[in-house]
Amino acid sequence: MTADVKKTAPADAKRKMTVPEIMAAKAQGRKLTMVTTYDFAFANVVDRVDIDIILVGDSGAMVNLGYPNTLPVSMDEMLVMAKAVARGARNTFIIGDMPFLSYQVSQEKAMENAGRFLKEAGMDAIKLEGGRRVALTVKAMVEAGIPVMGHIGLTPQSFSQLGGFKVQAKSGAAVKELIDDALALQKAGVFAILLEAVPAEVGKIVTDVLDVPTVGIGAGPGTNGQVLILHDLLGLFGGFLPKFVKQYANLAADAGDALARYCSEVRGGQFPQPEQTYGIKPEQVEEILRELRRDGYIK
Ligand code: KIV
């Protein structure tokens, strides 16, 4: 299977983008492509296609670890996922997502945790949720040499405060707040901003007031790039799918079919066949049987 994937795109065909290249993509009119990934196997797959950026998102709490929302995932659990992805995707720019309460408690704690993503997990950058309220933390990180992606609009770690997973910025006042947040993040030094669940027109307005690129999820086509959650895109997540998801495959159904065929072949004796079986010469079998009889292991 690995050999087949290699044939389609040699691993050396791809080179990790740099922060300046990601920032320059906006002026070049080149759309950024980003997808979440949480493990080694899928990191390998993503690394062999032309995806610019991987986000080891805290959405992994739900789609990879089975939590009901993103709040319970710990820094240590995020690091396990991030390390696996870094081992599997050596040619893709990777962002580690700061989990809930890993950056809100104090600036020191935030710096320490952001540093762990780079030092221990080999991430190229980190992402955190919030606008003006995290701007000072972002500034400190950027000054310490940690590239930061901002995340505004719908910020899932605050879903309770926001009254649920709702489209954001639907009034003039709310759009002004969003723009103020975006500009504060830009001033603090982010290299890009993830914009989640806002009307397409608002996605375009915010993108146009910024110098740094925006990457949208449910923010329409006017952002500088798009991100989707891998498990939504591939049809691997059985939970609720927001309107902005486009499913490009149905891997859960394919995997279910494959497993059902496997069960049926095991039960029906069609698996394993000689090609999946180790053999030895008949004379060796005879010798083994003689020895086992002689020593009383079999009759
Ligand atoms: O954690 C995540 O996957 C995200 C998405 C909005 C892309 O932040």
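The values are calculated or read from the model by the stated rules, or taken from the named source; none is laboratory data. Everything numeric here is computed off the predicted structure, so don't read it as measured data. Quick reminder, even Gly has a Cβ in these numbers, built from the backbone with ideal geometry, and neighbours come from all protein chains shown. Just so you know, the surface numbers come from the protein's heavy atoms only, side chains and all, with ligands and any DNA or RNA stripped out. Shrake-Rupley method; radii C 1.70, N 1.55, O 1.52, S 1.80 Å.
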Lone qualifier among Arg132, Arg116 - being under 20 Å from the mean Cα position of the chain (by Cα) and basic (Lys, Arg): Arg116
Filter result (away from the ligand (no atom under 16 Å from the Cβ), open to solvent by 20 Å² or more (accessible area, probe 1.4 Å) and of a type in the set (Val, Ile, Thr)) within segment 144-189: Val175, Ile179
Scan of segment 88-100 for residues that are more than 15 Å from the ligand (Cβ to nearest atom) and more than 14 Å from the chain's Cα centre (by Cα), ordered by number: Arg90, Asn91
Residue that is nearest to the ligand (Cβ to nearest atom) [pool: residues in segment 41-78 that are under 18 Å from Arg116 (Cα atoms) and aliphatic (A, V, I, L, M)]: Leu55
Residue that is surrounded by 11 or more Cβ atoms within 10 Å (Cβ to Cβ) and in contact with a helix residue (DSSP H, G or I) (Cβ under 7 Å, 6 or more places away or on another chain), where the choices are Val215, Val227, Val285, Val245: Val245
Residue match in segment 35-43 (condition: within 22 Å of Ile152 (Cβ to Cβ), in contact with a helix residue (DSSP H, G or I) (Cβ under 9 Å, 6 or more places away or on another chain) and modelled with pLDDT of 95 or more): yes
Any hit, segment 122-142, residues being open to solvent by 20 Å² or more (accessible area, probe 1.4 Å), within 14 Å of the ligand (Cβ to nearest atom) and not hydrophobic (A, V, I, L, M, F, W, C): no
